[in-house]
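The block underneath contains the structure these notes are about, expressed in structure tokens.
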Amino acid sequence: MDIFQPSAMDAGGDSGIISLIESLSMLRTLVVPEATVLSERELCTHAAHTCIGHRDLECCALYLQRDPALECLAHVRRDLEHPGSPSAGLAALAARACATRMIQGGSDETHASLLAAPLTGSTRVHGVLVVGHPTSGRYSCWHERLLQLVCDVLVQMLEHGRLVRGQRDTIAARTRALNHCDASLDAERRRRSAAESALARESQLRDHLARRDPLTGLLNRAAFESELARLLAQPAATGGGRALLHIDIDRFRVINDAAGQAAGDQLIRLLAGLLREHFAAATLLGRLGNDEFAILVEGAGAERVEHLAESLCDAVDDFQFSFRGYRFVISLSVGVAEYHDGDSGEQLLRKAYSACLSTQEVGGGNIHLYREHDGKLKRRSHEAQALSQLVRALEEDRLELFSQPIVANARAPQAAAEPINYEILLRLKGEDGDLIPPGQFLPIAERYGLSVKLDRWVVRSVLQTLAEHAERFDRFGYVTINLSGHSLGSRGFLDYVIEQLRHFATAPGKICFEVTETVAISDLQAARRFIAGLKSLGCCFALDDFGSGYASYLYLRDLEVDFLKIDGEFVQGIATDSANLALIRSINDIGKILGKRTIAEHVENDATLALLEEIGIDLMQGYFIGRPEPLRNILEPSRSH
């Protein structure tokens, strides 16, 4: 894993090259020669002092696992010669990282930025490395990857050093046994007693684990069904009603297929934690199957449980799951069934499962309450109406192509000779004739599987319109067409685009396809295959929203794109935001080194335009350059008057 990619997202604003040199120096100093034998405390002290030599690591604490708790063996700070014991905040963060086996972020009264990474060995977690800095927001994904590499080095040294010390301890133990025979006999008796106690605890643990899901620690299906039947056979412990939720992760198989089973396991653990948090007062909480969970809530009616489910879905909607370079948008399907007198556990589970299937049938990402006469939730009703409107619009051809100009940097030597380029945008005409912006229908298309159909319509309509106005189109530079993530991996979509290019005899060099950075990274293999297939014909590609992902530079060499379209969030306000200005300079410099042209979108005023021109951005787009208007107005100038 190559984590040392230049990144201008460093919270300190320092050069990526300086950070790279410091990181390499730290790792080189960290490695102890093989012949050196250090105690665990000596090794931890050496590692902690080495870490604070890096400018972003102002403090460092190293904890090692001492069952049943963590013990701090080293704590150093750059600003204090004798810092004393670490704060309770550091200890709590370390415990959380050890328990979850994942990097955790946090803060305490001294350090506004903290990162804790587990020292994960081949069979267990040896301890936790915690680093901190007084500046808020100091750490990024780049620092997490660096910390993982440091932890890997420490684990290797700990496991090797433990073998050497084990041999030394064995010799010492045998010497003590010869000198203190009576003490050894007493110790043996104590060990036998401890072993008997351990066997009893192990028996209890086996009984416990037989009822628990090993991945999440929740009740497994058999235990959940047994407990549910037992509870329903007796009056509720608290007043009020009972309700059962059946929860399913939408498109879970896609995550396993794309990123592997380890990614799916990590998501299951994270979701189990969210369920514990949002349903802390639940009577029963269990994992029924691969991506299925069930929750029994007592003392609350269906409406209250529905509200809790809404809160959970909102939290999941805001959560973007990342795993080894892949990013996924997660959604849940939730079915809620209210208990009525006489319902068995099996009947209640079946009702909740049926309600869950109802929301999955319309694409998931929703909540369905089981009732005889179903009153749809407001969110589901709104989405269903929007979906229906979108389907009708496709059937009635109520989609319209818009375009927005992309112009060359006026300070570039050949700017006057470069023709205007255009990005193709999509609008939907409502039944009343009003235009509906893409933000209100494109997410619905993505969620309910219509995005590929929309992309096919756009590709064909754009190429057909340009062919009908070939003479005018010849004066353009190129047009860009946005593609969704579903289309890149859709069976037959690449062949469809090639067929349309040939059918309308379109010059491939005048067509540029835009894919977002997030989409390209989420299925890198599909993106590479799609890009290669069309670039072989002469088409161009632009990487849209560049800089918005956690690993923008990491994947840049893997994608044969021609343009980097800088995320508009960075462009807006650069006249007053030095950090965004530095970031845009960095992206432009990297683009030039790799032979890629840069495009800045969301150019809203002359001050922003002047700064972008001074930086050397190749192309500009935004309301200050030109507002979107129907494509036919550009191809038929008389229509715009």
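The values are calculated or read from the model by the stated rules, or taken from the named source; none is laboratory data. Quick caveat: nothing in here was measured; it's all calculated off a predicted structure. Cβ: placed from backbone, ideal geometry, glycine included. Neighbour counts: every protein chain shown. Only protein heavy atoms, including side chains, enter the accessible area calculation; ligands, DNA and RNA are left aside. Shrake-Rupley method; radii C 1.70, N 1.55, O 1.52, S 1.80 Å.
Filter the stretch 473-522 for residues that are part of a helix (DSSP H, G or I) and acidic (Asp, Glu) and give the result. First the steps, then the outcome.
First, the residues of the stretch 473-522 that are part of a helix (DSSP H, G or I): 473, 485-488, 493-503, 508-510, 517-522.
If the condition is that a residue be part of a helix (DSSP H, G or I) and acidic (Asp, Glu), then 495, 499, 517 are the ones that fit.
What is the residue count in the stretch 408-442 for residues that are of a type in the set (Val, Ile, Thr), over 20 Å from residue 513 (Cβ atoms) and open to solvent by 30 Å² or more (accessible area, probe 1.4 Å)? It would help to see each step written out before you state the result.
From the stretch 408-442, those of a type in the set (Val, Ile, Thr) are 420, 424, 436; that's our starting set.
In the following step, the residues that additionally are over 20 Å from residue 513 (Cβ atoms) were identified as 436.
Now narrow it down to the ones that are open to solvent by 30 Å² or more (accessible area, probe 1.4 Å): none.
Going through the stretch 408-442 one residue at a time, the tally reaches 0.
List the helices (runs of 4 or more DSSP H) inside the stretch 333-450, counting only whole elements, that have at least 3 residues being within 30 Å of residue 473 (Cβ to Cβ) and modelled with pLDDT of 85 or more. Break it down stepwise before answering.
On the way: elements: 345-360, 378-395, 442-447.
Those helices (runs of 4 or more DSSP H) do not exist here; none qualify.
I want to confirm something. Restricting to the stretch 26-69 and keeping residues that are of a type in the set (Asp, Glu) and at pLDDT below 90, which single residue is surrounded by the fewest Cβ atoms within 10 Å (Cβ to Cβ)?
Filtering the stretch 26-69 for residues that are of a type in the set (Asp, Glu) and at pLDDT below 90, the one surrounded by the fewest Cβ atoms within 10 Å (Cβ to Cβ) comes out as 67.
Can we say residue 23 is among the hydroxyl-bearing types (Ser, Thr, Tyr), open to solvent by 40 Å² or more (accessible area, probe 1.4 Å) and either in contact with a strand residue (DSSP E or B) (Cβ under 6 Å, 6 or more places away or on another chain) or at negative phi (or both)?
So residue 23 fails the test.
Find all pairs meeting these conditions: Cβ atoms under 9 angstrom apart; at least six residues apart or on different chains; first residue within the stretch 591-610 and within 13 Å of residue 561 (Cα to Cα); second residue open to solvent by 20 Å² or more (accessible area, probe 1.4 Å) and in a helix (DSSP H, G or I).
Going by the 9 Å Cβ cut-off, the qualifying pairs are 594/557; 596/590; 598/592; 598/615.
Go through the stretch 321-366 and report how many residues are closer than 16 Å to residue 288 by Cα, among the small types (Gly, Ala, Ser) and in contact with an Asp or Glu (Cβ under 7 Å, 6 or more places away or on another chain).
2
Taking the conditions exactly as written (hydroxyl-bearing (Ser, Thr, Tyr), surrounded by fewer than 18 Cβ atoms within 10 Å (Cβ to Cβ) and either at pLDDT 90 or above or more than 27 Å from residue 324 (Cα to Cα) (or both)), does residue 640 satisfy them or not?
Yes; evaluated as a whole, the condition is true for this residue.
Restricting to the stretch 307-325, name every residue that is in a helix (DSSP H, G or I) and closer than 30 Å to residue 258 by Cβ.
Once the filter is applied, which keeps residues that are in a helix (DSSP H, G or I) and closer than 30 Å to residue 258 by Cβ, the stretch 307-325 yields 309, 310, 311, 312, 313, 314, 315, 316, 317.
Only residues that are at pLDDT 90 or above and of a type in the set (S, T, N, Q): list them for the stretch 479-505, please.
480, 482, 500
What's the total number of residues in the stretch 517-540 that are at pLDDT below 90 and of a type in the set (A, V, I, L, M, F, W, C)?
6
Conditions (1) among the aromatic types (Phe, Trp, Tyr); (2) in contact (Cβ under 8 Å) with a residue 40 or more places away in the chain; (3) touching a His at 6+ places or on another chain (Cβ under 6 Å); (4) crowded, with 22+ Cβ neighbours inside 10 Å, marked per residue:
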{"residue": "320", "(1), (2), (3), (4)": "no, no, no, no"}
{"residue": "323", "(1), (2), (3), (4)": "yes, yes, no, no"}
{"residue": "327", "(1), (2), (3), (4)": "no, yes, no, no"}
{"residue": "360", "(1), (2), (3), (4)": "no, yes, no, no"}
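So that you can scan it fast, the table gives a plain yes or no per residue for (1) within 30 Å of the chain's Cα centre (by Cα); (2) within 17 Å of residue 116 (Cα to Cα); (3) among the small types (Gly, Ala, Ser):
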site	(1), (2), (3)
40	no, no, no
52	yes, yes, no
60	yes, yes, no
63	yes, yes, no
71	no, yes, no
74	no, yes, yes
78	no, no, no
93	yes, yes, no
96	yes, yes, no
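Considering every residue within the stretch 541-549, establish whether at least one is modelled with pLDDT of 90 or more and either in contact with a Leu (Cβ under 8 Å, 6 or more places away or on another chain) or buried (at least 16 other Cβ atoms within 10 Å of the Cβ) (or both). Give the steps one after another, and end with the answer.
Of the residues in the stretch 541-549, the ones modelled with pLDDT of 90 or more are 541-542.
Right, trim to either in contact with a Leu (Cβ under 8 Å, 6 or more places away or on another chain) or buried (at least 16 other Cβ atoms within 10 Å of the Cβ) (or both) and you get 541-542.
So far as the stretch 541-549 goes, yes, one or more of its residues are modelled with pLDDT of 90 or more and either in contact with a Leu (Cβ under 8 Å, 6 or more places away or on another chain) or buried (at least 16 other Cβ atoms within 10 Å of the Cβ) (or both).
Conditions tested, residue by residue: (1) of a type in the set (Gly, Ala, Ser); (2) in contact with a Ser or Thr (Cβ under 7 Å, 6 or more places away or on another chain); (3) under 24 Å from residue 427 (Cβ atoms).
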| residue | (1), (2), (3) |
| --- | --- |
| 459 | no, no, yes |
| 466 | no, yes, yes |
| 472 | no, no, yes |
| 484 | yes, yes, yes |
| 533 | yes, no, no |
| 559 | no, no, no |
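Got a sec? Which of 580, 633 is farther than 30 Å from residue 471 by Cβ and surrounded by fewer than 21 Cβ atoms within 10 Å (Cβ to Cβ)?
Working: 633 fails: farther than 30 Å from residue 471 by Cβ.
Just a single option satisfies the conditions, and that option is 580.
Within the set of pairs 6+ apart or on separate chains, which have a first residue in the stretch 88-111 that is under 21 Å from residue 268 (Cα atoms) and touching a residue at least 12 places away in the same chain (Cβ under 8 Å), a second that is assigned to a helix (DSSP H, G or I) and among the charged types (D, E, K, R), and C-beta atoms under 8 Å apart?
100/269; 103/144; 104/96
Open to solvent by less than 30 Å² (accessible area, probe 1.4 Å), of a type outside the set (Val, Ile, Thr) and either in contact with a His (Cβ under 8 Å, 6 or more places away or on another chain) or in contact (Cβ under 8 Å) with a residue 60 or more places away in the chain (or both): does that describe residue 567?
No.
Take the conditions under 16 Å from residue 345 (Cα atoms) and touching a residue at least 24 places away in the same chain (Cβ under 8 Å) and apply them to residue 292. Does it pass?
No; evaluated as a whole, the condition is false for this residue.
Would the stretch 463-482 turn up any residue that is free of Cβ contacts under 8 Å to residues at least 60 places away in the same chain and under 33 Å from the mean Cα position of the chain (by Cα)?
yes
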